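Laboratory data are not the source of any read-out in this text; all were calculated from the coordinates shown. Values in this document were obtained by computation on a predicted structure and should not be read as measured data. FYI the Cβ positions are ideal-geometry reconstructions off the backbone, even for glycines, and counts take in every protein chain you see.
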Amino acid sequence: MQATRTTILNAGAVEQKREEIRKYFHDTYDIYEELFEGMAGDAAYYLRPEPLRHPLIFYYGHTAVFFVNKLRVAGIVDERVDARIESMMAIGVDEMSWDDLDKTDYDWATVAEVKAYRDEVRTLVDGVISNSELTLPIDWSSPFWIVMMGIEHERIHLETSSVLIRQLPIESVRPIPGWQHCPDAGEAPENGLVAVAGGGVAVGKSRESAVYGWDIEYGGHEAEIDGFQAGRHLVSNREYRAFVEDGGYDNESWWTDEGWRWRTYKKAGHPLFWIPDGDEGYRYRAMLEEIDMPWNWPVDVNYLEAKAFCNWLGARSGKSIRLPTEDEWYLMAQRIETDQPDWSEAPGNINLEYWASACPVDRFESDGLFDVIGNVWQWTETAIDALEGFEVHPAYDDFSVPTLDGKHNLIKGGSWVSTGNEATRDARYAFRRHFPQHAGFRYVEAPEPPAVEANVYETDESISEYLEFHYGDEYFGVGNFPAACVREVMAAIGDAPKRKALDMGCSVGRSSFELARDFQHVDALDFSTRFVFSAIELQKRGVRRYVIRDEGDLMAYREARLEGLGLAETAGRVEFAQNDACNLKTNYTGYDLIFAANLIDRLYDPAAFLRIARERLVPGGYLALTSPYTWLVEHTEKKKWLGGIKEDGENVTGLQGLHRLLDAHFETVGEPVDIPFVIRETKRKHQHTIAELTVWRRRSDTRN
């Protein structure tokens, strides 16, 4: 296996750094492809071992697609490598409840096609590394930050893919050289409690940090933590077996409400990677093999199982037993003085420096505690939240934001396969509490931590601004823009069929919910996952709270409620998702109406979208567009503007550009309509704009 340590970004000679990053990229690419050699034939790529995630063929291509998409978003490359693969393998399905199964059928690419695609992307990224300007230090604005983003993203999926491979049927995998499991197993040591002295902790890092970080790692949080007792070892398979044999999976009293719902739905009776073997016996599923149960290895469980065990052990021992908080983990982590990449050798079973599996829980000691880092991730009681000073990186706005919902708990310390950024102390990763990972736990004896209220207000200023625009007050006598647009569109199409509509560029969803009053089904898509997530939260809860700026640091607190707007009853007809209007997935088709509000002058290729829209409408279907025709080069290359240009000395307007592209296949419905709107920035600053609404009917006698 190749080098697994991340790269220092703020020191060294420029050309030496370029070569370091090139090597880190190719090592990462190699090790990721090496992992997939554990698949026993192409058919294994298309199995779905975890119903909450795509099959492995998606993940095989996804990390390469990510490179292309992020390099394009950052303006570093212009062209796609393969639009079909990049549409198919862009978005994962990792943020669902256990019973929210994705039943979509995909026409997946072949393994050979994806391998060829990966090879092309490898060449592309290598060229970017060779030809992009490099200055040190490398920061958020550097093209090399985007390259590092792609590398570290692939290292994340090295781990998530290994979890999925571990869940495949054993006949679908095969051992591979260099990925052997630990050969040592035996009886587990007796666990006990070790005193951890209280003290101060500081969580988060600054922008001047020497290594790459994800947005959720930046900012700051400091706290003084009382002393507590911590388990000397991670909970082993043997220690956990006592809970199983005591009927722990059948006793609701040990489980949280969420945990018991999960256990009942899954009919779970033991950890996922335990394989029943005869009367009350078990074997163990390592990543690529089934082996005799290593009782002295850490148990792999989700948060809900770990929490139930702690409740059971606390009742049996008469002690206050629970999982540690993130702050308490940092207090324990102070026992390790150095951090990756500065180790001479890893002080735990991490970074793929030892085995391709867990190992005995008494192998790596740090001042009385074993496995402070490595072996398996450690669940905490802490739901992930943003640190003070958190900012979203503009090239990857949906890395952390979807997890800031109070439903994703932090895992700390890394596992045997955690490499690169994942193996750093500042890493802050979180998963839904029922998701399987290479994760276990250490328990502590301590009073219950103070309840931490989730941040129930949307504080991202750009999202809050649009929530106010869609659901908030009306200003200067100008009515609600999404509602006004939909009223005009409904009047224009009259008694036409209203089976299925597409709201492209749905933002935070008001027009989608308005369309659902009349249409049986509405697909609502936006390029920004943050907007889509906010709309989904409103759909689920019926209410979305947000903060808007009055003046300086003075804020006002608002809420959007579907019920008060008459939208709650039909909101379930809307299905929100992230997608690219200029590279729309093929399953979005057969629409009676496609509505795109203020979108065409924000697209990198508006003509491509109009062509796609034509193809996805049924004959006789309608296309409704609004736009203020604000053509800007930061959104659209000038050569792709539809209007706002001169040709042969003559003016070409946006409306004229639309006619050029649409008249061969559409007829206009009525005259263009001006619809004004006001966007509130602060209490005393507003944008007043007038959009033009045009409605087009696709001719029944034309072909795509």
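From Cα pairs below 8 angstrom and at least 6 apart in sequence, can you work out the relative contact order of the chain, rounded to a whole percent? Value for the chain: 11 percent. Could you give the distance between the Cα centres of region 573-615 and region 43-82, to the whole Å? A separation of 21 Å, based on Cα centres. Centroid-to-centroid, using Cα positions, region 183-243 and region 500-565 are 38 Å apart. Inter-label distance, Glu637 to Leu193: 6.6 nm, where each label sits 7 Å from its Cα along the C-beta direction. Considering only Trp214, Leu617, Gly440, and ranking their Cα positions along the charge dipole of the chain that arises from unit charges at the beta-carbon of Lys, Arg, Asp and Glu, the one farthest toward the positive end is Leu617.
Here the Karplus curve 6.51 cos²θ - 1.76 cosθ + 1.60, taken at θ = phi - 60°, turns the phi angles of region 461-478 into couplings of 4, 5, 6, 4, 4, 7, 4, 5, 4, 7, 10, x, 5, 9, 10, 6, x, 8 Hz, with x standing for Gly and Pro. Couplings 3J(HN,Hα) of region 554-565, computed from phi: 8, 10, 10, 10, 10, 8, 9, 10, 5, 4, x, 9 Hz, in residue order, whole Hz [Karplus 6.51 cos²θ - 1.76 cosθ + 1.60, θ = phi - 60°; x for Gly and Pro]. A simple spin-label model places pseudo-atoms 7 Å from Cα toward Cβ; at Glu337 and Ile690 they are separated by 7.2 nm. Give the residue from Ser162, Ala268, Pro482 lying farthest towards the positive end of the charge dipole for the chain; charges sit on Cβ (+1 for Lys and Arg, -1 for Asp and Glu) and the dipole is referred to the Cα centre. Result: Pro482, furthest along the dipole toward the positive end.
By the Cβ rule of 4.7 Å, the chain holds the following cysteines without a possible disulfide partner: Cys310, Cys485, Cys506, Cys582.
A Cα-only calculation for the chain places Rg and Dmax at 27.1, 87 Å. Could you give the angle, 0 to 90 degrees to the nearest 10, between helix 14-35's Cα long axis and the longest principal axis of the Cα atoms of the chain? Once rounded, one gets 80 degrees. Which residues in region 607-635 have a backbone N closer than 12 Å to a point placed 7 Å from the Cα of Thr653 along the Cα-to-Cβ line? Flagged as within label range: 629. Overall, the anisotropy analysis places region 14-172 in the prolate class: the square-rooted eigenvalues a ≥ b ≥ c of its C-alpha gyration tensor yield a/c not less than 1.5, with a/b exceeding b/c. Which whole-number percentage describes the relative contact order of region 319-413, with Cα contacts under 8 Å and a sequence gap of 6 or more? So the answer I get is 30 percent.
Express in nm, to one decimal, how much length is gained between Ala11 and Val543 on full extension, taking 0.36 nm for each residue of separation and deducting their alpha carbon distance. Present the calculation step by step, with values, prior to reporting the outcome.
On the way: separation 532, 0.36 × 532 = 191.52 nm, distance 4.81 nm.
So the extension gain works out to 186.7 nm.
The label-point distance for Asp119 and Glu667, in a model that sets each label 7 Å from Cα toward Cβ, rounds to 5.3 nm. Residues whose amide H falls under 5 Å from that of Val173, counting only those 5 or more places apart or on a different chain, are Ala40, with hydrogens built in the peptide plane.
Each Cα pair under 8 Å and six or more residues apart adds its sequence gap; the mean of these over the residue count of region 14-172 is a relative contact order of 38 percent. Can you give the angle from 0 to 90° between the axis of helix 529-541 and the longest principal axis of the chain, with both taken from C-alpha atoms, to the nearest 10? Orientation of helix 529-541: about 80 degrees from the principal axis.
Once the piece of chain linking Thr264 and Ser141 is laid out straight, how much longer is it, given 0.36 nm per residue of separation minus the C-alpha distance between them?
Values: separation 123, 0.36 × 123 = 44.28 nm, distance 4.80 nm.
Residue separation times 0.36 nm, minus the Cα-Cα distance, leaves 39.5 nm.
Of the beta bridges in the chain, as assigned by DSSP with both residues counted there, near 70 percent are antiparallel.
What FRET efficiency would be calculated for the residue pair Glu448, Arg561, taking the C-beta separation as r and a Förster radius of 30 Å, to the nearest 0.05? Write down the numbers at each step before the final one.
Working: r = 33 Å, r/R0 = 1.12.
About 0.35, to the nearest 0.05.
Using just its DSSP H runs of length 4 or more, each adding -39500 (n - 2.57), the chain gives a mean residue ellipticity at 222 nm of -9000 deg cm²/dmol after division by all residues. Karplus-derived 3J(HN,Hα) values for region 248-255, using 6.51 cos²θ - 1.76 cosθ + 1.60 with θ = phi - 60°, are x, 7, 10, 10, 4, 5, 7, 9 Hz; glycine and proline are entered as x.
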